[in-house]
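One structure is given below, encoded as structure tokens.
The values are calculated or read from the model by the stated rules, or taken from the named source; none is laboratory data. The model shown is predicted, which means the values in this text are computed figures rather than measured ones. Here the Cβ is made from the backbone with ideal geometry for all residues, glycine too, and neighbour counts use every protein chain on show. Ligands, DNA and RNA are excluded from the accessible area calculation, which covers all protein heavy atoms including side chains. Shrake-Rupley method; radii C 1.70, N 1.55, O 1.52, S 1.80 Å.
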Amino acid sequence: MLATDDVGVTRWELFAGERAVLTDANGLARLSADELGTLDLKAVAYDAAGNWGETTLSIDVFDPSDTKAPIVSLDPTVWENPITNFTDIL
């Protein structure tokens, strides 16, 4: 993470969801996601006077080994009997 202050940043924190993530002295972190989906990150930086600032970011976590796209098809017989009322689509 990057943080700046006119006097200097004294510490920072990083959260993945509600879980605190360890950072090194330079604010760098390594994170392994536990599940696929959206992961919300929050970074907080503090200065010597106790002032703080924060920012958030949502990232999408995906499985890089899943390289096959979904198979999609349209059934041409659907158009033989047009839908004229609200209908549940299953």
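Quickly run through segment 36-90 and pick out the residues that are under 30 Å from T4 (Cβ atoms) and among the polar types (S, T, N, Q).
Looking only at segment 36-90, we keep the residues that are under 30 Å from T4 (Cβ atoms), and these are 38-61.
T38, N51, T55, T56, S58 - these are the residues of segment 36-90 that are under 30 Å from T4 (Cβ atoms) and among the polar types (S, T, N, Q).
Being assigned to a strand (DSSP E or B) and open to solvent by 60 Å² or more (accessible area, probe 1.4 Å): is that true of E13 here? Walk me through it before giving the result.
Details: assigned to a strand (DSSP E or B): yes; open to solvent by 60 Å² or more (accessible area, probe 1.4 Å): no.
Against the criterion (assigned to a strand (DSSP E or B) and open to solvent by 60 Å² or more (accessible area, probe 1.4 Å)), E13 does not qualify.
Which of the residues belonging to segment 34-44 are in contact (Cβ under 8 Å) with a residue 24 or more places away in the chain and within 12 Å of F15 (Cα to Cα)?
Here is the first cut: in segment 34-44, the ones in contact (Cβ under 8 Å) with a residue 24 or more places away in the chain are 35-37, 40-44.
Those that are in contact (Cβ under 8 Å) with a residue 24 or more places away in the chain and within 12 Å of F15 (Cα to Cα): D40, L41, K42, A43, V44.
Kindly evaluate A20 against the criterion of being open to solvent by 80 Å² or more (accessible area, probe 1.4 Å), at negative phi and not charged (D, E, K, R).
Values: open to solvent by 80 Å² or more (accessible area, probe 1.4 Å): no; at negative phi: yes; not charged (D, E, K, R): yes.
It is false that A20 is open to solvent by 80 Å² or more (accessible area, probe 1.4 Å), at negative phi and not charged (D, E, K, R).
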